[in-house]
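Novice: Take a look at this one; I'll ask things after.
The values are calculated or read from the model by the stated rules, or taken from the named source; none is laboratory data. On a predicted model such as this, the values are computed, not experimentally measured, just so you know. Please note: Cβ atoms are built from the backbone with ideal geometry, for glycine as well, and neighbour counts cover all protein chains shown.
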Amino acid sequence: MLTNDYFAWLPILVTALLLTIAAYIVLIIYDKYWLRETIQIILNIIGVVVVVNLLRIFPFNFSVIPNNTAASVVPIVVTIVLILIAVGLGVAALVHFIKLMVNLSRQS
């Protein structure tokens with residue numbers, strides 16, 4: 001199911017996971033609202049980048065699925081799901097940004 005392009009995408013995923021772990025370690029040590037929202041915005045944007053890069057190397061090889069109908073439907077479903085994930089992460093980043101701006105404007 002995996003193509004050679006998958007292995008080119010894997011370092012992007014690993015980097016995103018390491019950045020996520022580091023960000024949450026920072027939040028464990030220093031948990032302030034503005035920092036938490038900023039980190040959530042950054043992590044959501046990184047998530048969008050990871051998913052979009054995965055979409056860029058798509059499609060995977062689904063020929064191993066024995067049912068021909070399923071093998072032809074799965075790429076469409078996976079593409080739609082990946083697009084929905086990217087859109088959801090983008091919306092989440094926008095929501096966190098708006099929450100941060102509203103909170104900062106109330107403090108002023």
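Novice: Taking segment 17-65 only, how many residues are under 17 Å from residue 89 (Cβ atoms) and of a type in the set (Ser, Thr, Tyr)?
Specialist: Going through segment 17-65 one residue at a time, the tally reaches 3.
Novice: Which residue, of 87, 74, is within 22 Å of the chain's Cα centre (by Cα), among the β-branched types (Val, Ile, Thr) and at pLDDT 95 or above?
Specialist: 87
Novice: Cβ-Cβ below 7 Å, separation at least six or inter-chain, first residue in segment 67-85 and farther than 11 Å from residue 55 by Cα, second loosely packed, with under 11 Cβ neighbours inside 10 Å: which pairs?
Specialist: Note: pairs meeting the criteria are 71/63.
Novice: Please give the number of the condition residue 51 fails out of (1) touching a helix residue (DSSP H, G or I) at 6+ places or on another chain (Cβ under 9 Å); (2) closer than 30 Å to residue 106 by Cα; (3) not basic (Lys, Arg).
Specialist: (2)
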